[in-house]
Amino acid sequence: MIDEFLFAVNKILKDYGKAVTLTRRICRDFGGWGFYATSSPTQGVSSAVFYTIKDIIGSDDISLLIYNELRNLFFKDKIYIPKEINVFRKELAQDIYIAYDGTGENLIALMNKYKISAKTIYRLYHEERSSRINYVR
C-alpha cells in the first residue's frame with residue numbers, strides 16, 4: 001500500500017524526496033490507524049490526513065490531488081496506515097543516529113517528534129551505529 005502511494009505521490013510531485021517526506025510524515029502521524037477516506041477531505045480523520053498533506057505540500061490543489069489519489073487507491077476499503085518504523089526503519093535509524101546527542105532533553109524531543117519510545121530510540125541508534133562500524137571495517 002505505501003509503495004503504491006509513494007509511487008503515486010512521486011508521479012504527482014515529480015520530486016521523490018518530497019514524496020518520501022510526505023509519506024513518512026503520514027506514517028509517523030497516523031501509523032497504526034485505520035480509516036475510511038471520505039469524499040470530502042474535511043471530515044473526520046480524513047481532514048487530519050488532508051491537512052497534514054497540505055502542511056507539507058503547501059498547495060490546496062496539489063494536496064487535494066494527493067488525497068484523492070490515496071482515496072482512489074483504496075476506494076471503499078478501510079485504509080490502514082503502517083507506522084513509520086515499520087516502513088522506513090533504516091531512514092528513521094539514520095535520522096536518530098544523527099540527531100541523538102545522549103541527553104535526556106534530546107531523547108524526549110526525539111520521542112515526541114517520531115512518536116516512539118525511549119527504548120526504540122536506543123535500539124535504532126545502536127542499529128545504525130553498528131551498521132556504520134561494520135561498514136568501516
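Throughout, read-outs are computed from the coordinates displayed, never taken from laboratory work. Given the structure is predicted, the values throughout are model-derived calculations rather than measurements. Cβ: placed from backbone, ideal geometry, glycine included. Neighbour counts: every protein chain shown.
Assign unit charges at the C-beta atoms only (+1 for Lys and Arg, -1 for Asp and Glu), then state the dipole size of the chain relative to its Cα centre in Debye, rounded to the nearest 20. Before the final figure, lay out the partial values.
Values: 20 positive and 16 negative charges, 78 e Å.
Dipole about the Cα centre, nearest 20: 380 debye.
Cut-off under 19 Å on the C-alpha distance; same-chain residues fewer than 8 positions from K14 excluded. Which lysines are left, in chain and number order?
Once the sequence-local lysines are set aside, what remains near K14 is K54.
What's the center-to-center distance, using Cα atoms, between segment 83-137 and segment 1-42 in Å?
A separation of 22 Å, based on Cα centres.
So if I restrict to the alpha-carbon atoms in segment 88-136, what is the Rg, and what is Dmax, the biggest pairwise distance, in Å?
Spelled out, the Cα radius of gyration and Dmax of segment 88-136 are 10.3, 32 Å.
Subtracting the Cα-Cα distance from 0.36 nm times the residue separation, let me have the gained length for N68 to A99 in nm, one decimal.
Numbers: separation 31, 0.36 × 31 = 11.16 nm, distance 3.43 nm.
Result: 7.7 nm gained on full extension.
Could you point to the residue in G32, V9, S46 farthest towards the positive end of segment 2-51's charge dipole, with +1 and -1 charges on the Cβ of Lys/Arg and Asp/Glu respectively?
Farthest towards the positive end: V9.
For the chain, what's the relative contact order in percent, using C-alpha pairs closer than 8 Å and at least 6 residues apart?
Values: 128 pairs, mean separation 33.3, N = 137.
Relative contact order, the chain: 24 percent.
Taking the Cα atoms only, what angle lies between the long axis of helix 16-30 and the longest principal axis of the chain, rounded to 10 degrees?
The answer is roughly 90 degrees.
Can you quote the Å³ per residue value for the convex hull of the Cα atoms in the chain, rounded to an integer?
Hull volume normalised by residue count: 118 Å³.
Of the cross-linked pairs K11/K90; K11/K119; K11/K83, which ones have a Cα-Cα span greater than 27 Å in the structure shown? Kindly include the intermediate steps, with their values, before the conclusion.
On the way: K11/K90 24 Å; K11/K119 37 Å; K11/K83 23 Å.
Over 27 Å apart, Cα to Cα: K11/K119.
May I ask you to compute the full-extension gain from I2 to N112, defined as 0.36 nm times their residue separation minus their alpha-carbon distance, rounded to one decimal in nm?
Details: separation 110, 0.36 × 110 = 39.60 nm, distance 2.31 nm.
The I2-N112 span can extend by a further 37.3 nm.
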